[in-house]
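Student: Below you will find the structure I want to go over with you.
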Amino acid sequence: MVVVVGISIAALGTIAIDTIGDRGTGPPLSFEAQLCALDDGWLELTRRGYFPGRSGQVALLPRTPMYMTTGGKGWTHSGPWDYLQEVPLVVFGPDLVPEGLHVEGRVTLADVAPTIAGWLDLRPGSQARALPRLRSLPRPPRLIVTVVWDGGGWNGLQRWPEAWPELARLIDNGVSYSDAIVGSSPSVTPAVHTTLGTGTFPSTHGVTDVPVRDENGVVTDAFFDGKSARFIEVPTLAERWDELHDGRALIGMIGYEPWHLGMIGKGAETAGADKDHAAWLIRSSNRWVARREHYELPDVFRDQSDLEARFTELDRADEDLDRKWMGVPLDDRTRIEENPAFIAHHGAKLREMIATEGYGQDRVTDLLYTNYKQIDRLAHYFNMASPQVREAIAASDAELGALVEFLDTEVGRGDYVVIVTADHGMQPDDEAIDAYAIDPNETERDIATEFGPVVRSVWPTQVFLLEDEMDTRGVTVEDVASFLSDYRLRDNATRIDQELFGVGPYSPRDRVFDLAVPSSLLEDVRC
């Protein structure tokens, strides 16, 4: 018998609808059978997210409505499921872009770069196509601004439909794509932003996740904490455009982490290239920075003196002067950006940068990319259905409206295009939808009990293994994948009330993963 488990709740937006049945409690399937039993779309998205030697050695997919938390303390967003993949994609440009055009049909974020390339009469990327109904414009714009709401997928936006009137206005007055998806899994910030920048998927551009393996098998940050973007295997659209014009095009990225650099590329790290504008936050001081060897920090980001006044105003808004906003401390330097006051600071600096650096002031099209991180960051702490996330959406939306109004005056109607999207959706609280939050720490402990300390880390859709330790102990990737193929809920459930079992869809005999295979098979197996 197959029990259909609907976890779509109107109050939470559309989350997912999946099945739990005989596959959950019987013997595990072979690796090939696991791959071929997956939904075809999920398999394709997973394949697009795999790069040999970079991805973890074991590919995972939890059985929805199970998903991983960060050790039971936060919500993740990595996977091929619709509620994480579906994102807004809106193109607005008065007198350049059609008004009120709602386009159906599947598109991905890899289609954005070739669309811009077409506007600039530049060769498109190799994997994607231009967005339908936008393959050409009456003339090239002077400035193209791409705005990414990190974590701002449709599941969160639908939960708070009244929080984004400015985005709704752009949808009504521009071109929107009703079936836009990220296009690959893992659906994580470094990978997806590099897809936006290159017009290719991680299987080609090489940035697969937050951690990746280097040529020596060492697991490291995909952007080396801002020290290098050398893992990007193909040039970005911005790099190709800048090279064509001998550095005369202005290129900029304003974000919160080096992971967003995938939108513009390597800057002067590439021989012969110039230093593009860039700014991101460094956690130790929470000031805007750029890697000076490769990028140039615009002068406007050196001054953060407006923040104190903005924080004070935000603190006063709830009539309780406690230096907190909705439970988030305003004086915690490690979380200084996780509030509407910092969103307003970001927006003001972005507009000031456009004006002072001269973006959009000549006929060589300038490319500017920016990421607002707060929706993602707060959803990790509080989940996507929290009021904190609602306020982050509203504040990001207000800055979108301010940006468009500013561009009307500073650059001029008919000379700019704004593209608005998100890099993924976010998770709701597992208890709110009768889901089960897999504890990756417990999973790692269980692998260690079985094989010894052979795991570097367990991530939501992959496992990184220590191959030297495996060789010493005679353990293979296939051994670990087989173990996880037969990993049951009772194995992972040490931290939850055993009364959960027998309620809703759960049984202690349920397997935790729909997919647990050596990741190398993603290239080899054909179904």
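The values are calculated or read from the model by the stated rules, or taken from the named source; none is laboratory data. No experiment lies behind these values; they were computed from the predicted model shown. Here the Cβ is made from the backbone with ideal geometry for all residues, glycine too, and neighbour counts use every protein chain on show.
Student: Please tell me if L297 is buried (at least 18 other Cβ atoms within 10 Å of the Cβ), over 22 Å from A402 (Cβ atoms) and more than 22 Å from the chain's Cα centre (by Cα).
Tutor: Yes: the conditions hold for L297.
Student: Could I ask something else about it? Take region 457-480 and flag every residue that is touching a helix residue (DSSP H, G or I) at 6+ places or on another chain (Cβ under 9 Å), within 22 Å of M68 (Cβ to Cβ) and not in a helix (DSSP H, G or I).
Tutor: S457, V458, W459, P460, T461, V463, L465
Student: A follow-up question, please. Right, S203: farther than 30 Å from V97 by Cα, out of contact with any strand residue (DSSP E or B) (no Cβ under 6 Å at 6 or more places or on another chain), surrounded by fewer than 24 Cβ atoms within 10 Å (Cβ to Cβ) and of a type in the set (S, T, N, Q) or not?
Tutor: It is true that S203 is farther than 30 Å from V97 by Cα, out of contact with any strand residue (DSSP E or B) (no Cβ under 6 Å at 6 or more places or on another chain), surrounded by fewer than 24 Cβ atoms within 10 Å (Cβ to Cβ) and of a type in the set (S, T, N, Q).
Student: Among the residues of region 382-393, how many are at pLDDT below 95, within 16 Å of the chain's Cα centre (by Cα) and either of a type outside the set (S, T, N, Q) or over 15 Å from D429 (Cα atoms) (or both)?
Tutor: Adding up the residues that qualify gives 1.
Student: Any residue at all in region 317-337 that's surrounded by 22 or more Cβ atoms within 10 Å (Cβ to Cβ), in the same structural domain as A163 (by TED's automatic domain parsing) and not in a strand (DSSP E or B)?
Tutor: yes
Student: For V147, only one of the following conditions fails: (1) surrounded by 18 or more Cβ atoms within 10 Å (Cβ to Cβ); (2) more than 22 Å from L350 (Cβ to Cβ); (3) not hydroxyl-bearing (S, T, Y). What is its number?
Tutor: Status for V147: all satisfied but (2).
Student: Also, I was wondering about something else. For residues in region 139-193 being in a helix (DSSP H, G or I) and charged (D, E, K, R), which is nearest to the chain's Cα centre (by Cα)?
Tutor: R159
Student: I need the full set of residues from region 229-241 which are out of contact with any helix residue (DSSP H, G or I) (no Cβ under 6 Å at 6 or more places or on another chain) and in contact (Cβ under 8 Å) with a residue 60 or more places away in the chain, in order please.
Tutor: If the condition is that a residue be out of contact with any helix residue (DSSP H, G or I) (no Cβ under 6 Å at 6 or more places or on another chain) and in contact (Cβ under 8 Å) with a residue 60 or more places away in the chain, then F231, A238, R240, W241 are the ones that fit.
Student: Let me ask something else about it. Name the residue that is surrounded by the fewest Cβ atoms within 10 Å (Cβ to Cβ), counting only residues in region 471-527 that are modelled with pLDDT of 90 or more and hydroxyl-bearing (S, T, Y).
Tutor: In this case the residue turns out to be T472.
Student: Only residues that are in contact (Cβ under 8 Å) with a residue 40 or more places away in the chain, outside any helix (DSSP H, G or I) and under 19 Å from L368 (Cα atoms): list them for region 296-314, please.
Tutor: Listed by number, the list holds a single entry, P298.
Student: Something else now. Of all residues in region 206-253, count the ones that are assigned to a helix (DSSP H, G or I), buried (at least 21 other Cβ atoms within 10 Å of the Cβ) and out of contact with any Leu (no Cβ under 9 Å at 6 or more places or on another chain).
Tutor: 1
Student: Please go through region 315-357 and pick out each residue that is over 22 Å from A279 (Cβ atoms) and touching a residue at least 24 places away in the same chain (Cβ under 8 Å).
Tutor: Within region 315-357, M326, G327, V328 qualify.
Here is a yes/no grid of residues against (1) without any contact (Cβ under 8 Å) to a residue 60 or more places away in the chain; (2) of a type outside the set (V, I, T); (3) at negative phi:
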site	(1), (2), (3)
Y83	no, yes, yes
E86	no, yes, yes
F92	no, yes, yes
V97	no, no, yes
L101	no, yes, yes
V112	no, no, yes
T115	yes, no, yes
G118	yes, yes, yes
A128	no, yes, yes
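Student: For the condition out of contact with any Phe, Trp or Tyr (no Cβ under 8 Å at 6 or more places or on another chain) and at pLDDT below 95, what is the one hit in E308, E357, E337?
Tutor: One residue alone meets the criteria, E308.
Student: If you go through region 409-419 one residue at a time, do you hit one that is at pLDDT 95 or above and within 30 Å of S507 (Cβ to Cβ)?
Tutor: There is no residue in region 409-419 that is at pLDDT 95 or above and within 30 Å of S507 (Cβ to Cβ).
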